[in-house]
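For reference, the structure discussed in these notes is given below.
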Amino acid sequence: MAKPLVHIAVLTDHVGTYGRQVLEGIARYATVAGNWKLILRPEFVLLQQFQESDWTWNGMIVQAFERSLAKEVAARGVAAVNISTIMPDPPLPSVLVDHAAVAQMAVRDLVERGFRELAYVGFNAPYSAAREAAFVEAAHQGGRTAHVWVSPTPDPDEAVLGQWLAQLPKPVGILGCNDQHAAHVVTAATRAGVAVPEQAAVLGVDNDELVNRMLRPTLSSIAVAGERIGYEAAALLDQVIQGKVERSPALPPVIIAPVGVVTRQSTDVLAIADADVAAAVRFIREHAGDPIRVDDVLREVPASRRSLELRFRRVLGRSPLDEIVRVHVERAKHLLAETELPMPRVAVACGFRDASYMGVVFRKLTGQTPTSYRQLFRLGGGNR
C-alpha cells in the first residue's frame, strides 16, 4: 500500500545562494522519503496562503526573517523547522550555520597568508554580530589585531566604508559578514585607492559562485553547507511530524560547520615581510602538486635549514615541512571537491606517494578521510 502524501510547504528565499542550496538539500530528502509533496512558491505568495485559514500542510521549512512569522507558525501548531540565522533564539526547532566556525576558518586562512592585521565588516544583524565576536576572539587568540566596522543597514555607505579602509594599517586581511558585504568592501577599497588583494585581502561568506566570479578581482569566499542544512532540516521536520521529536523551541539547534574556503583573486596573496620566507612559501605553493621536500626549498632560498626553520616559525607559526604538507592537503581538498578523480590520481596530483599515505596525512590535518570530505563538500551545496 502506498504511503499517504505528506505536504510540506517550503517558505525560503529562492534567489540567494544560501536559499537555493537549502532547496537542493530539501529536494534530496524528499526523494529519499518518497511520499513528500513540496509546496514551493514565491515567498510572498506562500506567506499570503499561510495567513489564510484553508491551508492543509503537514509541515513547513521556514527561512524566518521575522520573529512575528516564526511565532505565528509556532502558534498555529504546524510542524516546522527554521533555517534562518537572522534572529537570535528563534522560537522554532532550527538547523543553522555554525557562525563561530565560519569566523575561525576565516582567521585561520588569513593568518596562514601571513596577515597580522585583520578586520571584520558587518551590519546590524544577529548572525553578523555572532561572526564578528568569534572573529575578534580568534584573532586575539592568534596574537592578531582585529579592526571592526559595522553598518547600521544591510546596504553600507561605501564612501564611509572606503574612508575607514584607507585608514587601516596595511596589509590587512578582511572578512565580510557575507558575500554582499565583501563585494562592497572590494568596491569601496578600489574607490579609496586601496589595492585588493595587495593591501587588503577580502574574504566573503556563502560562496555565491556566479556573482563572485563576475567581480573584479574575483571574490574568495567561505562555502557554507547549505545543501546539508536543507537535508538535515527536512530530516528533523520528518521526525517532528512523526512525533519522534517534540515541537519545542527549546530544542537545541542543529549547528552545521562550513565546508571550506574557496580561494579566488581577492585573497590570492602573501603578506609576508621576510623575503626569504615569502620566496619559500611561494615556491611551495607553486609546487603544490609535486613531491617536494625541505631540501628542494633550500635549493631555491639562500638560507640554512636552521635559519629558515626559525624564521618560518616566527612569521607563520609552523615549519617549512608543515607548510609543504598543508599545501599538499589544500590541493587535495580542491581536487576532491571539484573533480571526480579517483583517490590514487588525487594523491599523485598532490605530491603524495599513494592514496593510503594521503589518507593518513589528510585525516591528521582535517579530522576527516578524503572520501568523507568529498561527500561533505557535495552536501555543502555544489560549490564547484
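The table that follows gives values for the structure above.
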quantity	calculated
Search result, residues across segment 144-163 that are of a type outside the set (G, A, S) and more than 13 Å from G122 (Cα to Cα)	R144, T145, V160, Q163
Boolean, E323 is open to solvent by less than 60 Å² (accessible area, probe 1.4 Å), in contact with a Ser or Thr (Cβ under 9 Å, 6 or more places away or on another chain) and of a type outside the set (S, T, Y)	no
Tabulated pairs, segment 251-262, first part of a strand (DSSP E or B), second open to solvent by 50 Å² or more (accessible area, probe 1.4 Å) and of a type in the set (D, E), C-beta under 7 angstrom, 6+ apart or interchain	V254/E232; I256/E232
Subset tally (residues that are touching a Pro at 6+ places or on another chain (Cβ under 6 Å) and at pLDDT 95 or above) for segment 124-150	0
Qualifying residue in segment 136-151 (condition: of a type in the set (K, R), open to solvent by less than 40 Å² (accessible area, probe 1.4 Å) and either in contact (Cβ under 8 Å) with a residue 40 or more places away in the chain or more than 30 Å from L236 (Cβ to Cβ) (or both))	yes
Given (1) open to solvent by less than 30 Å² (accessible area, probe 1.4 Å); (2) under 17 Å from the mean Cα position of the chain (by Cα), number of the condition A133 does not satisfy	(1)
Residue ID - farthest from the chain's Cα centre (by Cα), chosen from residues in segment 158-188 that are among the charged types (D, E, K, R) and farther than 17 Å from G114 by Cα	E158
Tabulated pairs, segment 108-121, first farther than 22 Å from G162 by Cβ, second of a type in the set (G, A, S), C-beta under 7 angstrom, 6+ apart or interchain	V111/G142; R113/G173; R113/A201; R113/A271; G114/A271
The one condition in (1) under 30 Å from D206 (Cα atoms); (2) of a type in the set (D, E); (3) surrounded by fewer than 18 Cβ atoms within 10 Å (Cβ to Cβ) that D295 fails to fulfil	(1)
Only listed residue being surrounded by 22 or more Cβ atoms within 10 Å (Cβ to Cβ) and out of contact with any Asp or Glu (no Cβ under 6 Å at 6 or more places or on another chain), chosen from T263, T339, T267	T267
First in segment 190-203 and at negative phi, second anywhere and open to solvent by 60 Å² or more (accessible area, probe 1.4 Å) and assigned to a strand (DSSP E or B), Cβ under 7 Å, 6 or more apart	none
Number of the exception - R282 against (1) of a type outside the set (A, V, I, L, M); (2) more than 22 Å from V202 (Cβ to Cβ); (3) open to solvent by 40 Å² or more (accessible area, probe 1.4 Å); (4) at pLDDT below 90	(2)
Scan of segment 282-294 for residues that are without any contact (Cβ under 8 Å) to a residue 60 or more places away in the chain and of a type in the set (A, V, I, L, M), ordered by number	I284, I292, V294
Where a residue in segment 79-107 is closer than 17 Å to S221 by Cβ and open to solvent by 10 Å² or more (accessible area, probe 1.4 Å) and its partner, wherever it lies, is of a type in the set (K, R) and not in a strand (DSSP E or B), with Cβ under 7 Å and at least six apart	H99/R131
Residues of segment 204-237 classified as assigned to a loop (DSSP other than H, G, I, E, B) and charged (D, E, K, R), total	3
Every residue from segment 110-130 that is within 16 Å of the chain's Cα centre (by Cα) and open to solvent by less than 20 Å² (accessible area, probe 1.4 Å)	L110, Y120, V121, G122, S128
V240 part of a helix (DSSP H, G or I) and under 30 Å from F115 (Cβ atoms)	no
Residue check for R76: over 15 Å from L237 (Cα atoms), among the basic types (K, R) and at pLDDT 80 or above	no
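The values are calculated or read from the model by the stated rules, or taken from the named source; none is laboratory data. Owing to the predicted nature of the structure, the values given are computational and were not obtained by experimental measurement. Every residue, glycine among them, receives a Cβ derived from its backbone with ideal geometry; neighbour counts consider all protein chains shown. The protein model used for the area step is the full one, side chains on, heavy atoms only, and it has no ligands, DNA or RNA in it. Shrake-Rupley method; radii C 1.70, N 1.55, O 1.52, S 1.80 Å.
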